[in-house]
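Below: the structure, in structure tokens.
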Amino acid sequence: MANRRVFSGARPTGKQHIGNYIGAIQNYVKLQEEFDECIYCVVDLHALASLQEAGDLHANSYEMVLDWLAAGLDPKKSIIFPQSRVSEVSELHVVLSMVTPLGHLFRVPTFKEKVRQQPDNVNYGLLGYPVLMTADIILYKADTVPVGEDQLPHLEFAREIVRRFNNTFGETFPEPHARLTTFARVMGIDGVQKMGKSLNNHIELSAAPQEVEKRVRSMMTDPARVYRTDPGHPEVCNVYSLHKFYSPERLEEIAADCRGAKIGCVDCKKMLATKLNASLDPFRQRRAEFAGDPNLVWDILTDGANRARAIAVETMAEVREKVGLA
Ligand code: SF4
């Protein structure tokens, strides 16, 4: 089979949490074994569209990449780099914007959601996000993009832009395919919203063991289980949903004990915290080792940017020729 290349981007959000790990990072690590090349991009330009969320881009990029490395991303196998360090992506973004109908952009659900979230700063970046995202992917001619089900419409949008470009200027880009992540999205410890730093309902991968215990203790459980003697409903319990990932070997037993009121939520949470901490221990150790070399992350990002740029330059030479700019 021809060269198979994965692309995925993540906003620099600083220290990563278990929702990031279960939903994306563990998958990033696995894909390294399966594909010829994986490109993992810190999408700092995207972050600028929500300045209040962006925070310190430098520090947030550093912390995020440190977590990626500790989780098993290998810069020898993968290209890890900051989006803004390859300026060709901005040029391709402009070119693609010329084949993107404005009406389609206004209909993207995440745009409407962002307008609701930041009504005082409805900027072009929010509207043009799917165009820049498409440029991110196809600049490297990636054929596979790992996504959750909620991101499928964005990928379909990218595929449509690719078709429009290819139809207008001749076959240039492969249509990227989705690689669905198998794990459902992780809810925050409040049990109400998706786990996220801005909601402070998260558990950081690098959190100290005591902090992990504290956060797990505060997790929302089955709201119908008021007393220890009440039978529980694991299928609606957020603690149980994390057991699915961290205690797969005891899942049936936990579910049965919960339904039969043989186990209390306090003990069930203690069990989860123990499993979580056991799984995070090697991560914490690796992170501390990597953090011991202050230049490591920056050297990896510089090397990644050089490797990414080498691909981008070739693509843009072809694009300029196809559209008549060369
Ligand atoms: Fe959830 Fe465990 Fe309590 Fe059942 S026993 S409701 S699975 S925390």
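The values are calculated or read from the model by the stated rules, or taken from the named source; none is laboratory data. Being a predicted model, the structure only gives us computed values, none of them experimental. Ideal geometry is used to build each Cβ from the backbone, glycine not excepted, and the neighbour counts take in all protein chains shown.
Let's see how each residue does on (1) acidic (D, E); (2) out of contact with any strand residue (DSSP E or B) (no Cβ under 9 Å at 6 or more places or on another chain); (3) part of a strand (DSSP E or B); (4) modelled with pLDDT of 95 or more:
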| position | (1), (2), (3), (4) |
| --- | --- |
| A2 | no, yes, no, no |
| S8 | no, no, yes, yes |
| C41 | no, no, yes, yes |
| S61 | no, no, no, yes |
| M64 | no, no, no, yes |
| P75 | no, yes, no, yes |
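Check whether at least one residue in region 230-251 is of a type outside the set (A, V, I, L, M, F, W, C) and within 25 Å of L66 (Cβ to Cβ), and report yes or no.
Checked region 230-251: at least one residue is of a type outside the set (A, V, I, L, M, F, W, C) and within 25 Å of L66 (Cβ to Cβ).
So which pairs qualify, if the first residue must be in region 90-109 and in the same structural domain as T134 (by TED's automatic domain parsing), the second must be of a type in the set (D, E), the Cβ gap must be under 8 Å, and the two must be at least 6 apart or on different chains?
Short answer, once both residue conditions are applied: H104/E160.
Quick test of your reading of the structure: V212 fulfils all but one of (1) within 23 Å of the chain's Cα centre (by Cα); (2) within 15 Å of the ligand (Cβ to nearest atom). Name the failing condition by number.
Of the numbered conditions (1) within 23 Å of the chain's Cα centre (by Cα); (2) within 15 Å of the ligand (Cβ to nearest atom), the odd one out for V212 is (2).
With the condition kept exactly as written, say whether any residue in region 256-267 is away from the ligand (no atom under 14 Å from the Cβ), outside the structural domain of L73 (by TED's automatic domain parsing) and either among the aliphatic types (A, V, I, L, M) or in contact (Cβ under 8 Å) with a residue 12 or more places away in the chain (or both).
no
Quick one: is S206 over 30 Å from A142 (Cβ atoms), surrounded by 14 or more Cβ atoms within 10 Å (Cβ to Cβ) and touching a helix residue (DSSP H, G or I) at 6+ places or on another chain (Cβ under 7 Å)?
Here the answer is no, as S206 does not meet what is asked.
Being touching a Pro at 6+ places or on another chain (Cβ under 7 Å) and either in contact (Cβ under 8 Å) with a residue 24 or more places away in the chain or assigned to a loop (DSSP other than H, G, I, E, B) (or both) narrows it down to one of I79, I137, so name that one.
Unique residue meeting the criteria: I137.
I'd like to know if region 233-241 contains one or more residues that are without any contact (Cβ under 8 Å) to a residue 60 or more places away in the chain and acidic (D, E).
Scanning region 233-241, I find at least one residue that is without any contact (Cβ under 8 Å) to a residue 60 or more places away in the chain and acidic (D, E), so the answer is yes.
Being surrounded by 23 or more Cβ atoms within 10 Å (Cβ to Cβ) and more than 18 Å from L180 (Cα to Cα) is the filter here; which residues of region 7-44 pass it?
Matches in region 7-44: P12, Q16, H17, I18, C41, V42.
Tally time: how many residues in region 82-106 are in a loop (DSSP other than H, G, I, E, B) and buried (at least 18 other Cβ atoms within 10 Å of the Cβ)?
Final tally of qualifying residues: 3.
Got a sec? Which of A70, A59, A24 is closer than 24 Å to K197 by Cβ, touching a helix residue (DSSP H, G or I) at 6+ places or on another chain (Cβ under 7 Å) and not hydroxyl-bearing (S, T, Y)?
Of A70, A59, A24, the one residue that is closer than 24 Å to K197 by Cβ, touching a helix residue (DSSP H, G or I) at 6+ places or on another chain (Cβ under 7 Å) and not hydroxyl-bearing (S, T, Y) is A70.
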